[in-house]
Amino acid sequence: MFFVTFAGKLKRDTRLKSVMHKKLLHSFVLVPFLLLPAVAVHAQQSTPGKKALVSRILKLQQPGIEGMSRTMVEGPASQLLARAGSELGERVAADKRDAVGKEIQADVKKFLDETVPLVSNRAIALAPSTIGSYLEEKFNEDELKQIAVFLESPAVNKYQRLSGEMQNILVEKVLTDMRSVVDPKVAALAQTLTKRVGGSGTNAPVSK
């Protein structure tokens, strides 16, 4: 039970963070269309003023970039965790599962602690030559200034901070309301897929 709870939490957290950080990073594209008239976008000349504004925007977006990096690393970890959870029930004696589950939790935590900073640092280092160059090319100095002011708004910052919590409230409610509907369908699909590959279909996992 310990391992199943931990695995489920990591999966839910990964899905929530993925949605939240995609929203944060998408502000690079969405904000200009919210603030500016609909006009054709042409390549813009780079200037010292634009470079300074882009640097300011990237700094404001650093939490989103770091979150994106964590989500990228947590995705594979979540998949491996699910696989390990399945094998745990099949290969490990019941009286040893909690202990092995805790060891697996420690392994995953070590992986995340070591790998997330590596990916995050690299993403932050690449941001000026990727997102930064794109912003300089597509927006003029006045537009970049509007974007920076928008992102610095206390109301926007508060909304971004709370967006994950708001999504969590919705997701938990949907999971609660739909579990009785979705779980039997998941179990039926698992049994069908097991039969496709020649298994008995009697050990299909059901979400907890």
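How do 166-173, 134-141 rank on mean C-beta neighbours within 10 Å, highest first?
Per-residue Cβ counts within 10 Å, averaged per peptide and sorted highest first, yield 134-141, 166-173.
Rounded, prolate or oblate: which fits segment 71-117, taking a ≥ b ≥ c as square roots of the Cα gyration tensor eigenvalues, rounded meaning a/c under 1.5, else prolate when a/b beats b/c? Oblate shape, in that a/c is at least 1.5 and b/c is the bigger or equal ratio. Greater than 19 Å separation of Cα atoms is the criterion. Which listed pairs, 59/109; 102/185; 50/138; 51/138, meet it? Beyond 19 Å: 59/109; 102/185.
Whole angstrom only: what separates the Cα centroid of segment 64-84 from the Cα centroid of segment 102-118? Using only Cα atoms to place each centre, the spacing works out to 11 Å.
Coordinate-derived values only; no laboratory data. In this text, all values refer to a predicted model and were calculated from it rather than measured experimentally. Heads up, the Cβs are rebuilt from the backbone with ideal geometry, glycines too, and the neighbour counts pull from every protein chain shown.
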